[in-house]
Amino acid sequence: MSQRVYIFDTTLRDGEQVPGCQLSTDEKIVVAKQLEKLGVDVIEAGFPVSSPGDFRSVVEISKAVSEPTICALSRAVAADIEAAGEALKHAKRGRIHTGIGSSDIHIQHKFNTTREKIIERAIDATKLARTLVEDVEFYCEDAGRADLQFLAQLVEAVIGAGATVVNIPDTTGYCLPDEYASKIRYIFENVKNVHKATISIHCHNDLGLATANSLAGIQVGARQVEVTVNGIGERAGNTSLEEVVMALNIHPELGLHTGINTQLIYPTSQLVSKMMRMQVQANKAIVGRNAFAHSSGIHQDGFLKHSQNYEIMNPQDVGVDKSDIVLTARSGRHALKHRLELLGFVYEKNILDNLYRQFLDIADHKKEVNDGDLVDLAKSLERA
Ligand code: KIV
Ligand code: ZN
């Protein structure tokens, strides 16, 4: 039977850390309501101790949204945890996400401490958070570069202290997919009581591997994945919600599914892009302008014969109206004929051949030939 993978959306926390993407509380509520409709399981709404505005956003999102769990970030610091607990008071289901560095690089150069002290702070933070909410997620920051045995010890300690979810972030986007999968597998095989908690995946995209690493982690048993819409986030970004969801969706043989209403993916992507003033790159998987656009003659001909020749999903499945045939100097006769027919111009082969030559002349001087150009071309032929 297919197993559920829980979607933890951090667009409003890790995504919002991107310079220029900061949102007001009202704007955050609009995005949170859309994420609720989309069907995410957890919304990470902010980092309450970081500013009064972020505190207020977590409070207001907790009031405005009722289906997903609302999560608030905190460091493993009492004041942070208390602020997170306070901000979540109105949440139907609130979760505190606390944590600390787990790699030796972070332990020595960020915390200037020892592995033993990190474990003590992790236990104290988890226990304190559990006095405020029932659902506590612990993040082992920079787990991607942490010593495996120490990481397993830390995970075991926080599960013992009451963590319900343990996050294994590849904070710096360092791991390769096999390496990340081995880390998660090691945790499952070496941590006592590991099944008392959900193991969560949180990957960054510094090597362009965030989605691959997340899928690798899920395939060895992690059942929560932390993502952002359009993959926005610190530096090169976080794992894209749309990529993981659609990868699981079009590979049912993996036996895994999410609760996402995939037809709301594109409208959500557009909303986030507009509100965060962050354009989606044209070739972005699933939601980019070219994700369902065909421009070379060979591809256009194959697509027009059968869409599955060049598409692995229907655009409507992710909320995109239709695929696009872009007419350029690389397009063939088949695409030109198709577009002219859509515009109401039907021609015999010899006329079409003549039109095609004129079309190529225009296309060599323009990046894209639009419908207006085609109507002018057809009319000039009728006048001749
Ligand atoms: O990348 C990271 O490690 C984080 C943690 C705060 C979860 O964003
Ligand atoms: Zn992160």
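The table below lists the values:
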quantity: Candidates G20, G53, G39, filtered to the one that is more than 25 Å from C203 (Cβ to Cβ) and more than 15 Å from ligand 2 (Cβ to nearest atom); calculated: G53
quantity: Inter-residue pairs, beta-carbon under 9 Å, first open to solvent by 10 Å² or more (accessible area, probe 1.4 Å) and in a helix (DSSP H, G or I) and in the stretch 165-187, second of a type in the set (D, E, K, R) and within 14 Å of ligand 1 (Cβ to nearest atom), 6+ apart; calculated: K183/D170
quantity: Selection from the stretch 59-80 of residues that are over 19 Å from H202 (Cβ atoms) and part of a helix (DSSP H, G or I); calculated: V59, E60, I61, S62, K63, A64, A78, A79
quantity: Residue in the stretch 288-302 that is in a loop (DSSP other than H, G, I, E, B) and touching a Ser or Thr at 6+ places or on another chain (Cβ under 7 Å) present; calculated: yes
quantity: Search result, residues across the stretch 303-316 that are touching a strand residue (DSSP E or B) at 6+ places or on another chain (Cβ under 9 Å), part of a loop (DSSP other than H, G, I, E, B) and more than 18 Å from E243 (Cβ to Cβ); calculated: Y310
quantity: Residue tally, condition over 13 Å from the mean Cα position of the chain (by Cα) and part of a helix (DSSP H, G or I), over the stretch 188-214; calculated: 6
quantity: Cross-chain or 6+ apart pairs with Cβ under 8 Å, the stretch 279-298 first and modelled with pLDDT of 95 or more, then part of a strand (DSSP E or B) and of a type in the set (D, E); calculated: F292/D324; A293/D324; H294/D324
quantity: Filter result for D135 (open to solvent by 10 Å² or more (accessible area, probe 1.4 Å), away from ligand 2 (no atom under 14 Å from the Cβ), in contact (Cβ under 8 Å) with a residue 60 or more places away in the chain and not β-branched (V, I, T)); calculated: yes
quantity: Candidates N193, N167, N238, N205, filtered to the one that is among the polar types (S, T, N, Q) and away from ligand 1 (no atom under 16 Å from the Cβ); calculated: N193
quantity: Filter result for the condition that a residue is within 30 Å of E16 (Cβ to Cβ), open to solvent by less than 40 Å² (accessible area, probe 1.4 Å) and either in contact (Cβ under 8 Å) with a residue 24 or more places away in the chain or aliphatic (A, V, I, L, M) (or both), over S331, S323, S269; calculated: S269
quantity: Test set (1) within 19 Å of S103 (Cα to Cα); (2) open to solvent by 20 Å² or more (accessible area, probe 1.4 Å); (3) more than 16 Å from ligand 2 (Cβ to nearest atom) - V191 fails condition number; calculated: (2)
quantity: Selected residue (criterion: farthest from ligand 1 (Cβ to nearest atom)) from residues of the stretch 225-235 that are at pLDDT 95 or above and assigned to a loop (DSSP other than H, G, I, E, B); calculated: I232
quantity: Identity of the residue in the stretch 357-370, within 15 Å of S380 (Cα to Cα) and out of contact with any Ser or Thr (no Cβ under 9 Å at 6 or more places or on another chain), that ends up surrounded by the fewest Cβ atoms within 10 Å (Cβ to Cβ); calculated: R357
quantity: Number of the exception - Y310 against (1) more than 22 Å from I250 (Cβ to Cβ); (2) surrounded by 11 or more Cβ atoms within 10 Å (Cβ to Cβ); calculated: (1)
quantity: Yes/no for V227 being touching a residue at least 40 places away in the same chain (Cβ under 8 Å), within 14 Å of the chain's Cα centre (by Cα) and buried (at least 24 other Cβ atoms within 10 Å of the Cβ); calculated: yes
quantity: The stretch 82-106, residues that are within 16 Å of V59 (Cβ to Cβ) and over 26 Å from the mean Cα position of the chain (by Cα); calculated: E82, A83, G85, E86, K89, H90
quantity: Unique match (being open to solvent by 10 Å² or more (accessible area, probe 1.4 Å), within 18 Å of D104 (Cβ to Cβ) and in contact (Cβ under 8 Å) with a residue 40 or more places away in the chain) among D147, D142; calculated: D147
quantity: Some residue of the stretch 20-36 being part of a loop (DSSP other than H, G, I, E, B) and within 16 Å of ligand 1 (Cβ to nearest atom); calculated: yes
quantity: From the options E253, E234, E242, residue that is open to solvent by 60 Å² or more (accessible area, probe 1.4 Å) and in contact with a helix residue (DSSP H, G or I) (Cβ under 6 Å, 6 or more places away or on another chain); calculated: E234
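The values are calculated or read from the model by the stated rules, or taken from the named source; none is laboratory data. From a predicted model like this one, the values you see are computed outputs, not experimental measurements. Here the Cβ is made from the backbone with ideal geometry for all residues, glycine too, and neighbour counts use every protein chain on show. Accessible surface is based on the protein model in full, side chains and every heavy atom, while ligands, DNA and RNA are left aside. Shrake-Rupley method; radii C 1.70, N 1.55, O 1.52, S 1.80 Å.
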